[in-house]
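J.: Structure in structure tokens, see below.
The values are calculated or read from the model by the stated rules, or taken from the named source; none is laboratory data. Here the structure is a predicted model, which is why all the values come from computation and not from measurement. Cβ coordinates were reconstructed from backbone atoms using ideal geometry, including for glycine residues, and neighbour counts include every protein chain displayed.
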């Protein structure tokens, strides 16, 4: 009798409609729009954000022995829409004026295409950098979507620490085991120019499938240039065989390269011509801002990467909760941590500019380190997984 009663309940229209409603709600709020409830809460109960203004920014001394001839260089593709990166670029322009760094935006054009020969933007840009190193003693190459979050930090500090150590400094990305290909600090040396040309020319030996563009290519260059086929367990040919099999094999290819590289941080060219330094996670001049959900620390951060306008989270008054939740689902969505609406370049040059930040996104150094430590642990586990796939890929070749 009790079973019959339960069966009747389960079959009743009210139960079916109620269950369907809860299932629909679960799918909407948990599966399709997991951020909707939090964004809805912000719409009605969110506290107004406050603004923190920087102290007067001390400009770089041009007479100090620790001051170097440095330029900042962006390479943009032919026909690129700079409005996608305009706010990030404005921070770089102001920062350059403030500290008297050279600042250049170089467009890929027919002249560069003829001079360099590469067809793909991601590779020709490294050729262009090599041709423009002569402008300064040191050049910081950046992606166009990089913003200066802490203008008191100086590029000179990285030069001072490494000027006798390496011709080019790369850094490790935080959310995976990649060497960042979109930024490096390069000395105006013959070796730097030669290395960057080799980097650009990898376009001509890319595998036919999913190769990851220059993000994948930089790993091949490191193992081929500095290790060749002289390693005992894995060698560069093994890694190349994995490279380009599929999109999934890209992570295994990069893990293969990192296994060969080991914990090496200073890479000596076998010819003796020069050296490359690879800066560990969290110790470079920039990181991906989205890995900490745009939270940052004045004591740790310098520049943040990934400030594309199309991925920017709108303010509460600019979009409804559903639209904000939809944007949060995008890869690398970000909040504008800087509250300055514009940057007056005259104020930047005279040193009277101040940076303004939204207080809700500013956290302590310890809080940020806790976030990054968790990200590091997650990345470590993913690396182990990709590393374990290497034998399977090699077995099937």
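J.: Can you tell me which of 311, 340 is in contact with a strand residue (DSSP E or B) (Cβ under 8 Å, 6 or more places away or on another chain), free of Cβ contacts under 8 Å to residues at least 24 places away in the same chain and closer than 15 Å to residue 49 by Cα?
T.: Details: 311 fails: closer than 15 Å to residue 49 by Cα.
Result of the check over 311, 340: 340.
J.: Which count do you get for residues in the stretch 346-371 that are in a helix (DSSP H, G or I) and touching a helix residue (DSSP H, G or I) at 6+ places or on another chain (Cβ under 7 Å)?
T.: Taking the stretch 346-371 as the starting set, the residues that turn out to be in a helix (DSSP H, G or I) are 346-350, 359-361, 365-371.
Narrowing the set further to residues that are touching a helix residue (DSSP H, G or I) at 6+ places or on another chain (Cβ under 7 Å) leaves 348-349, 368, 371.
The total comes to 4.
J.: Out of (1) in contact with a strand residue (DSSP E or B) (Cβ under 8 Å, 6 or more places away or on another chain); (2) surrounded by fewer than 19 Cβ atoms within 10 Å (Cβ to Cβ); (3) modelled with pLDDT under 95; (4) closer than 23 Å to residue 50 by Cβ, the odd one out for residue 316 is which?
T.: (1)
J.: Can you tell me which residues in the stretch 199-214 are out of contact with any helix residue (DSSP H, G or I) (no Cβ under 6 Å at 6 or more places or on another chain) and at pLDDT 95 or above?
T.: Passing the criteria: 201, 204.
J.: Quickly run through the stretch 249-301 and pick out the residues that are closer than 25 Å to residue 315 by Cβ and assigned to a loop (DSSP other than H, G, I, E, B).
T.: Correct list: 293, 294, 295, 297, 298, 301.
Let's see how each residue does on (1) under 25 Å from the mean Cα position of the chain (by Cα); (2) under 30 Å from residue 254 (Cα atoms); (3) not in a loop (DSSP other than H, G, I, E, B):
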site	(1), (2), (3)
331	yes, yes, no
377	yes, yes, yes
385	yes, yes, yes
389	no, yes, yes
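J.: Could you go through the stretch 170-178 and let me know if any residue there is in a helix (DSSP H, G or I) and either on the phi > 0 side of the Ramachandran plot or in contact with a helix residue (DSSP H, G or I) (Cβ under 9 Å, 6 or more places away or on another chain) (or both).
T.: For the stretch 170-178, residues in a helix (DSSP H, G or I) and either on the phi > 0 side of the Ramachandran plot or in contact with a helix residue (DSSP H, G or I) (Cβ under 9 Å, 6 or more places away or on another chain) (or both): absent.
J.: Just one of 295, 287, 258 is buried (at least 19 other Cβ atoms within 10 Å of the Cβ), within 21 Å of residue 369 (Cα to Cα) and at pLDDT 95 or above; which is it?
T.: After ruling out the rest, the residue left standing is 287.
J.: Please list, ordered by residue number, the strands (runs of 3 or more DSSP E) wholly in the stretch 83-160 having 1 or more residues that are surrounded by 21 or more Cβ atoms within 10 Å (Cβ to Cβ) and without any contact (Cβ under 8 Å) to a residue 24 or more places away in the chain. It would help to see each step written out before you state the result.
T.: Numbers: elements: 102-107, 138-142, 146-148.
In the stretch 83-160, no matching strands (runs of 3 or more DSSP E) lie anywhere.
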